[in-house]
Amino acid sequence: DSGVTQTPKHLITATGQRVTLRCSPRSGDLSVYWYQQSLDQGLQFLIQYYNGEERAKGNILERFSAQQFPDLHSELNLSSLELGDSALYFCASSAMSAGANTEAFFGQGTRLTVV
Amino acid sequence: GIQVEQSPPDLILQEGANSTLRCNFSDSVNNLQWFHQNPWGQLINLFYIPSGTKQNGRLSATTVATERYSLLYISSSQTTDSGVYFCAVPNYGQNFVFGPGTRLSVLP
């Protein structure tokens, strides 16, 4: 158990819908990262938050947004869903930001299927 | 941003064989991690290894930061070692960049 909790584990929804993925980081970790992994693909960085503030953005679509709350949990909102958004979405956390000597731990992922 | 390469892309082994996986990165880094993604999709931390050598059971890893590469050794492989192995490095303080992975299949 990495200590990072993601809910839900599985999600099936229709095109055009909106979903929210939730992540609770490890206790004490200030950084949260979101990654997308499409079928048989690598891990693509979406966005990072550090202590409530957006720190870095990757190839995140405008239909996607995220936030980190005062208790440090994070949510990833995906709207106007398309078939191509079907993927495994991972949340990771680390004590500090990625540039420091800090280790990242990953949640079990949310498997999103858009039908 | 920083580029990460991994080799080989695919590896098929007979149970009991040894293997070496390689990770090259394009710029100096102050940390590096190896992960195993099992067939159920879980990403499991194997090593946090900014430099030097670490061992954990049948697995060991070596990072030579000055030459920008890391190696993951798997000895006496087992079918449970199957999956994809990723290395990841920090991207100038913003996020962790992952290599494309090495897909390992261990046959009984």
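Below are the figures for this structure:
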item: A:Ser65 being of a type in the set (Ser, Thr, Tyr) and in a loop (DSSP other than H, G, I, E, B); result: no
item: Residue list for region A:37-95, filter: surrounded by fewer than 23 Cβ atoms within 10 Å (Cβ to Cβ), in contact with a helix residue (DSSP H, G or I) (Cβ under 9 Å, 6 or more places away or on another chain) and not small (Gly, Ala, Ser); result: A:Leu61, A:Arg63, A:Phe64
item: Restricting region B:53-65 to residues that are free of Cβ contacts under 8 Å to residues at least 12 places away in the same chain and more than 15 Å from B:Cys23 (Cβ to Cβ), the residue that is surrounded by the fewest Cβ atoms within 10 Å (Cβ to Cβ); result: B:Gly57
item: Matching residues, region A:1-44, being among the aliphatic types (A, V, I, L, M), under 26 Å from A:Glu82 (Cα atoms) and in a loop (DSSP other than H, G, I, E, B); result: A:Ala14, A:Leu39, A:Leu43
item: Residue among A:Gly42, A:Gly109, A:Gly58, A:Gly99 that is within 11 Å of chain B (Cβ to nearest Cβ), touching a Leu at 6+ places or on another chain (Cβ under 8 Å) and modelled with pLDDT under 95; result: A:Gly58
item: Listing of strands (runs of 3 or more DSSP E) fully contained in region B:1-96 that carry 1 or more residues being within 12 Å of chain A (Cβ to nearest Cβ) and farther than 24 Å from A:Leu39 by Cβ; result: B:43-48, B:83-90
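One line per residue, one yes/no per condition, for (1) out of contact with any Lys or Arg (no Cβ under 8 Å at 6 or more places or on another chain); (2) at pLDDT 95 or above; (3) more than 14 Å from chain B (Cβ to nearest Cβ); (4) on the phi > 0 side of the Ramachandran plot:
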site: A:Ser24; (1), (2), (3), (4): yes, yes, yes, no
site: A:Ser38; (1), (2), (3), (4): yes, no, no, no
site: A:Glu62; (1), (2), (3), (4): yes, yes, yes, no
site: A:His73; (1), (2), (3), (4): no, yes, yes, no
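Table: residues versus (1) over 14 Å from the mean Cα position of the chain (by Cα); (2) small (Gly, Ala, Ser).
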site: A:Asn59; (1), (2): no, no
site: A:Ala98; (1), (2): yes, yes
site: A:Ala104; (1), (2): no, yes
site: A:Thr110; (1), (2): no, no
site: A:Val114; (1), (2): yes, no
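The values are calculated or read from the model by the stated rules, or taken from the named source; none is laboratory data. Small disclaimer: the values here were computed from a predicted structure and weren't measured. Here Cβ is always computed from backbone atoms with ideal geometry, including for glycine, and neighbour counts include all displayed protein chains.
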